[in-house]
Amino acid sequence: MTEKPEHIKCLIIGSGPAGYTAAIYAARADMKPVMYQGLQPGGQLTTTTEVENFPGYPKGTHGPQMMEDFKAQAERFGTDIRWGLATSVDFIGPIHKVVIDEKTTVTADTVIIATGASAKWLGLESEQRLNGYGVSACAVCDGFFFKGQDVAIVGAGDTAAEEACYLAKLCNKVYMIVRKGEMRASKTMQHRVEKTANIELIYNSSTKEIIGDKGVEAALIINNKGEERKLIITGFFVAIGHKPNTDIFKGWLDLDDTGYIQTIPGTSKTNIPGIFATGDAQDRHYRQAVTAAGSGCMGALDAERYLSELGIH
């Protein structure tokens with residue numbers, strides 16, 4: 001006889017500011033939330049050192065510590081936080097099925113999605129071959145290993161600028177490779193990069209190959225005139241954006257052309273009743289910790305109202 005799946009009133013998939021905030025609100029509303037943390041417990045903020053723009057921290061804080069604080073607060077109110085990754089879903093009926101780690105099925109009245117996003121890569125064979133051997137998508141995680149060395153970073157947005165400045169504090173030289181003739185970063189971050197003496201901006205250029213056998217030895221870049229240049233480096237960092245972690249929801253939820261979950265404007269509601277999307281899985285515009293936390297609050301409140309309308313207490 002097949003064992004009946006565990007049934008959960010409020011299931012939260014993923015952690016980070018959105019997931020933990022949803023958990024805090026859901027637990028306080030006596031929704032008995034169960035959270036599966038996913039591959040990166042705490043989300044992208046666990047790879048960030050200084051966080052200076054989250055309200056309530058006048059002296060700033062560290063991303064990993066902030067996420068530990070969020071987690072502790074969610075647990076304080078009774079959230080059941082578990083290890084595990086949601087690997088498939090079945091949203092065909094009012095009782096939603098989610099498979100964890102490809103083996104355990106749980107059912108839920110409501111599902112709050114907080115799966116976030118993951119780093120994008122350039123798609124070079126050498127990039128993947130040397131990933132972990134000098135190639136990284138997280139300067140904050142791995143920059144320490146390149147102290148006093150020459151490195152390169154690819155990207156043009158705020159994250160790339162922030163990571164370039166972080167690397168500049170540790171490394172001898174930082175080459176910042178920008179595909180177009182200007183950066184996409186905010187003016188504040190652009191000025192910070194431009195004022196950092198050991199950052200060299202290389203515009204209108206892309207990476208052709210990362211050179212090295214057992215580790216990064218150089219990067220071959222090419223500009224829009226077809227001219228090649230070899231940068232002698234030991235570290236290569238990729239900061240070109242993120243892809244929402246929403247593949248398991250394809251065919252069930254409405255996604256935009258990039259994969260972000262589409263919600264009813266002003267809410268966390270998706271096209272399926274009882275399924276709510278929060279954080280970077282549905283936010284292609286802001287992608288900040290504070291907006292993710294706010295959307296996590298929305299997800300829990302929307303889920304609570306949904307359960308109330310169904311008479312589930």
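Here, each number is a calculation from the coordinates, and none is a lab measurement. In this text the structure is predicted, and so the values were computed from the model without any measurement. Here Cβ is always computed from backbone atoms with ideal geometry, including for glycine, and neighbour counts include all displayed protein chains.
Modelled spin-label separation between Leu310 and Arg28, with each label point placed 7 Å from Cα along the Cα-to-Cβ direction: 2.4 nm.
What 222 nm value per residue comes from the helices of the chain, counting each DSSP H run with n ≥ 4 as -39,500 (n - 2.57) and dividing by all residues, nearest 500 deg cm²/dmol?
-7500 deg cm²/dmol
Residue-wise HN-Hα couplings along the stretch 299-312, as the Karplus relation 6.51 cos²θ - 1.76 cosθ + 1.60 with θ = phi - 60° gives them from phi, are x, 5, 5, 5, 5, 4, 5, 4, 5, 5, 5, 7, x, 9 Hz; Gly and Pro carry x. Net charge in the neighbourhood of Arg287 (other residues with Cβ under 10 Å of its Cβ; Lys, Arg +1, Asp, Glu -1) is -2. Cross-link partners for Lys169 among the aspartates and glutamates, with Cα-Cα distance under 16 Å and sequence neighbours closer than 8 places in the same chain left out: Glu50, Asp142, Asp150, Glu194, Glu200. Helix 16-28 and the longest principal axis of the Cα set of the chain meet at an angle near 20°. Here the Karplus relation 6.51 cos²θ - 1.76 cosθ + 1.60, evaluated at θ = phi - 60°, turns the backbone of the stretch 224-237 into coupling constants of 6, 9, x, 7, 9, 9, 9, 9, 7, 9, 10, x, 9, 10 Hz, with x for every Gly and Pro.
Hey, what angle do you get for helix 63-76 against the long axis of the chain, alpha-carbon based, 0 to 90 degrees rounded to 10? Compared with the principal axis, the helix lies near 10 degrees. Less than 5 angstrom separates the built amide H of Lys243 from those of Ser118, Ala119, Lys120, all sequence-distant by 5 or more or on a different chain. Within the stretch 195-281, the trypsin sites (Lys or Arg not before Pro) that combine a DSSP coil assignment with at most 16 other C-beta atoms in a 10 angstrom radius are Lys195, Lys214, Lys225, Lys250.
Taking the DSSP bridge list for the stretch 121-238 and keeping only pairs wholly inside it, about 40 percent are antiparallel.
Close amide H pairs (under 5 Å, H built 1.01 Å from N) link Val154 with Ile177, Phe237, Val238, Ala239, residues at least 5 positions away or on another chain.
Straight-distance candidates among the lysines for linking to Lys187, with alpha-carbon spacing under 18 Å and chain neighbours fewer than 8 residues away dropped: Lys195. Given their separation in residues at 0.36 nm each and the Cα-Cα distance between them, His285 and Glu227 gain 17.4 nm when the chain is fully extended. Local charge for Gly78 was computed over the other residues whose Cβ lies under 10 Å away, with Lys and Arg +1 and Asp and Glu -1, and equals 0.
The aspartates and glutamates within cross-link reach of Lys97, meaning a Cα-to-Cα straight distance under 13 Å and a gap of 8 or more places when in the same chain, are Glu6, Asp109. Relative to the current alpha-carbon distance between Lys103 and Glu68, full extension at 0.36 nm per residue lengthens the span by 9.8 nm.
Checked against a 23 Å cut-off, the cross-linked pairs Lys59/Lys120; Lys120/Lys180; Lys4/Lys32; Lys180/Lys243 give Cα-Cα distances beyond that limit for Lys59/Lys120. If you take semi-axes √(5λ) of the Cα gyration tensor in Å from the coordinates, which of [x] 38, 23, 19; [y] 35, 28, 14; [z] 40, 20, 17 do you get? The value computed from this structure is option [z]. The region of the chain that goes longest without hitting one of the GluC sites (Glu not before Pro) in a DSSP loop, each with at most 13 other Cβ atoms within 10 Å, is 228-313. Determine the shape class of the stretch 121-238: with a ≥ b ≥ c the square roots of the Cα gyration tensor eigenvalues, call it rounded for a/c under 1.5, and otherwise prolate if a/b is greater than b/c, oblate otherwise. Judged from the Cα gyration tensor, the stretch 121-238 comes out oblate (a/c at least 1.5, b/c at or above a/b).
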